[in-house]
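The values are calculated or read from the model by the stated rules, or taken from the named source; none is laboratory data. This one's a predicted model, so the numbers in the text were calculated from it and none came from an experiment. Counting neighbours? That spans all protein chains shown, and the Cβs are built from the backbone with ideal geometry, glycine included.
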Amino acid sequence: MRFTCRSLFPSLVTVLLAVGLAAQQTGPAATHPVREHTWSAATLDAMGSLPVQEGGRVKPLSAYAAALLHLTHGRRDMKLDLDGDGKPDVTLTPIEWLLDVWCFPDTAANYPLFRIENVEVLDAIGIPHEGGQRFDFEYVSFATMASQGPNGVPGQQLMQLAQKYSQKEAIDRDPVESHIVNSAQQVNAYFDLHQQMELLLSAFPVDGDELRQRLGGDERLDLATLVERMPALRAYLTENASRLEDPALAGAARLGALLQQIGGDHGGVALFPPTGSRADSETWLGFGGLVDLAVRGQLQPAQLSMLQRLQRGVTAADASVREPELTAFRDAVVARATERGEFSRVELEAYYLAAAWHYQALHWFLLALIVVAIGWMAPKKKWLWAAGVVATAIPLTFLIADIALRCWIRQRPPILNLYDTFLFIAAVGVLAAVVAEVVVRRRFIIALAPVFGALLITLARAFEVEDGKDQMAPLQAVLDTNYYLATHVTSINTGYAAAMFASFVATGWLLMQAFGVRLHDKAFHKSVVRAVYGLVAFALIFAVFGTIYGGVWANDSWGRFWGWDPKENGALLICIALVALMHARFCGWVRDFGFCLGAALTGIVVAFSWFHVNLLGIGLHSYGFASSTKTALFVYYGAQLGLTAIGAVGILIRRANATAKAATAVPVTE
């Protein structure tokens with residue numbers, strides 16, 4: 001029986017083996033999971049909005065479940081093959097998966113959870129597999145990670161290797177080493193969840209006839225009953241304080257020490273709101289906190305009632321008992337959280353997660369692209385042009401609504417982290433595209449807008465899963481200022497958005513010129529260049545303002561306006577690139593081709609400042625190294641350079657051919 005929530009890498013496997021998940025598997029795909037229960041929609045809806053506290057904020061249980069599933073599974077859902085035919089039979093939402101882990105831990109331990117992308121990782125930690133490297137992923141269950149394997153103990157090997165590789169800087173690890181470290185972190189995260197309800201699923205032995213009689217006569221007690229009878233235990237221990245070393249009282253001494261150990265453990269997600277107002281205490285309680293209050297005789301009846309309902313819900317053998325008790329527990333927590341003024345935004349966040357307006361926008365952007373494409377096929381139909389603009393404005397509205405909901409839930413400006421930048425830049429870029437299209441009315445810019453929006457939303461969702469963190473987590477103290485978040489951060493990201501979309505449009509113009517698209521329509525190409533010019537000018541204004549205001553913020557926070565931090569240098573590079581481009585245009589050094597070529601390449605500078613400098617591992621704006629993000633950035637750099645080169649070379653070849661043709665033309669004489 002275990003009573004601690006956390007352990008170090010080397011010792012975790014010892015605890016894992018104590019779970020009792022015997023070696024039932026010899027590899028990732030040795031068996032398929034057995035799942036004989038289901039959850040009603042009403043229970044899932046209710047438990048999804050259960051308020052809990054984790055990471056310093058009160059949030060719905062659905063948000064906690066989603067972040068944990070992203071971290072451990074690398075997906076937003078879990079697909080189960082229950083009959084072993086190789087095809088998924090059931091798809092679990094994050095809240096279904098979490099409730100399975102809580103109430104059916106042995107069943108959930110056999111779900112294909114941990115994604116292994118490289119079979120060399122399986123070889124390193126001693127888990128057998130069939131064949132070599134595959135294009136798809138291996139999914140390894142927690143039971144497999146905790147089981148004995150033919151090459152030793154996989155869990156122990158994983159933790160030992162992870163401890164070894166974690167001594168290296170993240171940027172110095174090879175892909176297999178990084179994967180092993182990440183897998184160990186995922187196993188630790190899942191282990192905390194897996195054993196969270198073990199206190200409720202376990203029975204505490206009551207040794208000694210006298211103690212047993214004082215506690216009601218039962219040989220074993222569940223946690224809720226033990227907490228309920230804590231006054232009797234406290235009285236018994238107090239009466240016999242001078243005799244606790246007597247072997248006859250060994251059971252009482254062990255039980256008391258065990259409860260003190262549990263009461264000192266405050267890890268994991270907190271499920272129980274404290275008594276009193278938020279001004280009295282903002283910290284919620286976990287099982288350790290409740291036991292500590294019970295040991296000290298301060299546990300309130302309402303808190304005991306919550307624990308009892310959760311105990312009955314988690315341990316019930318029948319859904320007719322399990323689901324009503326869990327729902328009753330949720331209702332009690334909601335009532336208390338409402339009294340403390342902590343539930344209104346929790347309920348809104350649960351709605352936000354379920355509605356997923358940005359995901360709805362993604363689908364509508366794809367539909368808008370089809371509408372715009374139809375409009376290109378019938379260029380004389382003005383109503384099709386209007387339909388394309390409206391079709392693009394609809395998902396833009398969804399995206400803005402998504403951002404507005406996030407702002408209201410957090411009571412913050414729209415950008416607090418890297419994830420937020422994707423949605424914000426997508427919204428600003430598409431809005432700029434709609435405005436530009438209404439001005440020039442050439443159907444080209446509106447054709448790029450849905451692609452831009454859909455691409456950034458897709459990247460946002462991929463980043464959310466890869467990051468595996470709560471994307472609404474509280475800010476660090478140094479960033480806790482709505483004023484500068486609303487001025488510096490919003491302004492500079494508006495500059496990012498305009499510059500990135502300008503790069504997008506300029507690249508499209510280069511490719512159209514290279515492949516001879518509508519070359520006869522000079523007015524069309526001129527209008528596209530004018531749109532690029534307007535976007536670059538717009539980006540320059542906001543980039544310069546945002547950079548200057550960033551210095552003002554730095555002066556307030558760190559006592560210096562400029563410190564040549566990598567992020568500051570990146571912002572300066574954007575300003576220099578945009579100023580150089582505008583200056584070259586004003587001076588006549590570049591014309592349409594040169595201007596669009598420069599604008600296209602500026603996108604690389606923006607991407608470097610936007611993301612790459614955050615991953616360098618140095619400076620005050622370093623948000624941590626991530627190899628997958630680094631790979632994605634280099635893919636973008638290569639793709640952007642390739643497309644720009646294709647466009648530029650194509651234009652130069654076409655112009656050279658035109659010059660040669662003109663030079664060899666024979667003049668016609670009468």
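Being at pLDDT 85 or above and either over 30 Å from GLU339 (Cα atoms) or surrounded by fewer than 13 Cβ atoms within 10 Å (Cβ to Cβ) (or both), is that true of even one residue in region 285-296?
Checked against the condition, which is being at pLDDT 85 or above and either over 30 Å from GLU339 (Cα atoms) or surrounded by fewer than 13 Cβ atoms within 10 Å (Cβ to Cβ) (or both), region 285-296 yields at least one hit.
Yes/no per residue for (1) under 30 Å from PRO247 (Cβ atoms); (2) crowded, with 17+ Cβ neighbours inside 10 Å:
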| residue | (1), (2) |
| --- | --- |
| ILE171 | no, no |
| ILE180 | no, yes |
| TYR190 | no, yes |
| GLN196 | no, yes |
| SER202 | yes, no |
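Could you say which residue among GLU54, GLU96, GLU117 is over 20 Å from GLN196 (Cα atoms) and either in contact with a strand residue (DSSP E or B) (Cβ under 7 Å, 6 or more places away or on another chain) or not aromatic (Phe, Trp, Tyr) (or both)?
Among GLU54, GLU96, GLU117, only GLU117 is over 20 Å from GLN196 (Cα atoms) and either in contact with a strand residue (DSSP E or B) (Cβ under 7 Å, 6 or more places away or on another chain) or not aromatic (Phe, Trp, Tyr) (or both).
Pick from region 126-146 the residues that are farther than 23 Å from ASN188 by Cβ and out of contact with any strand residue (DSSP E or B) (no Cβ under 9 Å at 6 or more places or on another chain): which of them is modelled with the lowest pLDDT?
Step by step, filter region 126-146, then rank; the result is PHE135.
Write out, first by first residue and then by second, each pair whose Cβ atoms fall under 9 Å of each other, whose residues are 6+ apart or on separate chains, and whose first residue, in region 364-379, is without any contact (Cβ under 8 Å) to a residue 40 or more places away in the chain and in the same structural domain as LEU455 (by TED's automatic domain parsing) while the second is part of a helix (DSSP H, G or I) and of a type in the set (Phe, Trp, Tyr).
What qualifies is TRP364/PHE398.
Answer yes or no: is there a residue in region 260-269 that is charged (D, E, K, R), touching a residue at least 24 places away in the same chain (Cβ under 8 Å) and not assigned by TED's automatic domain parsing to the domain that holds TRP102.
Pass one, region 260-269, residues charged (D, E, K, R): 265.
The next check asks that each one be touching a residue at least 24 places away in the same chain (Cβ under 8 Å); those that pass are 265.
Pick out the ones that are also not assigned by TED's automatic domain parsing to the domain that holds TRP102 and you get 265.
Scanning region 260-269, I find at least one residue that is charged (D, E, K, R), touching a residue at least 24 places away in the same chain (Cβ under 8 Å) and not assigned by TED's automatic domain parsing to the domain that holds TRP102, so the answer is yes.
Looking only at strands (runs of 3 or more DSSP E) that lie completely in region 65-137, which have at least 3 residues being free of Cβ contacts under 8 Å to residues at least 24 places away in the same chain and under 24 Å from the mean Cα position of the chain (by Cα)?
Result: empty, no element qualifies.
Looking at GLU339, GLU282, GLU323, can you tell me which residue is acidic (Asp, Glu) and surrounded by 20 or more Cβ atoms within 10 Å (Cβ to Cβ)?
Answer to the check: GLU323.
If only one of VAL439, VAL451, VAL435, VAL478 is over 30 Å from HIS73 (Cβ atoms), at pLDDT 90 or above and not assigned by TED's automatic domain parsing to the domain that holds LEU69, which one is it?
VAL435
For region 157-183, give me the residue count where each residue is in a helix (DSSP H, G or I), touching a residue at least 40 places away in the same chain (Cβ under 8 Å) and closer than 19 Å to THR629 by Cα.
Qualifying residue count, region 157-183: 8.
Can you give me the number of residues within region 235-278 that are at pLDDT 85 or above and in contact with a Ser or Thr (Cβ under 7 Å, 6 or more places away or on another chain)?
1
Spot the failing condition for GLY375; the list is (1) over 20 Å from the mean Cα position of the chain (by Cα); (2) not in a helix (DSSP H, G or I), and only one is missed.
(2)
What tally of residues in region 507-527 results from selecting those that are touching a residue at least 40 places away in the same chain (Cβ under 8 Å) and either touching a strand residue (DSSP E or B) at 6+ places or on another chain (Cβ under 9 Å) or outside any helix (DSSP H, G or I) (or both)?
Adding up the residues that qualify gives 2.
State yes or no: is ALA436 closer than 28 Å to GLY594 by Cβ and either among the aromatic types (Phe, Trp, Tyr) or buried (at least 24 other Cβ atoms within 10 Å of the Cβ) (or both)? Let's see the steps before the verdict.
Details: closer than 28 Å to GLY594 by Cβ: yes; either among the aromatic types (Phe, Trp, Tyr) or buried (at least 24 other Cβ atoms within 10 Å of the Cβ) (or both): yes.
Yes.
Is it the case that some residue within region 305-315 is within 20 Å of the chain's Cα centre (by Cα) and part of a helix (DSSP H, G or I)?
Looking only at region 305-315, we keep the residues that are within 20 Å of the chain's Cα centre (by Cα), and these are none.
Within region 305-315, not a single residue is within 20 Å of the chain's Cα centre (by Cα) and part of a helix (DSSP H, G or I).
Inspect region 323-342 for any residue being in contact with a helix residue (DSSP H, G or I) (Cβ under 6 Å, 6 or more places away or on another chain), among the basic types (Lys, Arg) and either in the same structural domain as GLY268 (by TED's automatic domain parsing) or not in a helix (DSSP H, G or I) (or both) and give the result as yes or no.
yes
Kindly list the number of the only condition in (1) modelled with pLDDT of 85 or more; (2) crowded, with 20+ Cβ neighbours inside 10 Å that fails for GLY216.
It fails just one condition, (2).
Of the residues LEU293, LEU271, LEU310, which single one is touching a strand residue (DSSP E or B) at 6+ places or on another chain (Cβ under 8 Å), under 17 Å from TRP102 (Cβ atoms) and of a type outside the set (Gly, Ala, Ser)?
Testing whether each residue is touching a strand residue (DSSP E or B) at 6+ places or on another chain (Cβ under 8 Å), under 17 Å from TRP102 (Cβ atoms) and of a type outside the set (Gly, Ala, Ser) leaves just LEU271.
Can you tell which of ALA498, ALA514 is within 32 Å of the chain's Cα centre (by Cα), crowded, with 16+ Cβ neighbours inside 10 Å and not assigned by TED's automatic domain parsing to the domain that holds VAL430?
Criteria check complete, one pass: ALA498.
Looking at SER277, is it in a loop (DSSP other than H, G, I, E, B), over 25 Å from the mean Cα position of the chain (by Cα), hydroxyl-bearing (Ser, Thr, Tyr) and surrounded by fewer than 19 Cβ atoms within 10 Å (Cβ to Cβ)?
yes
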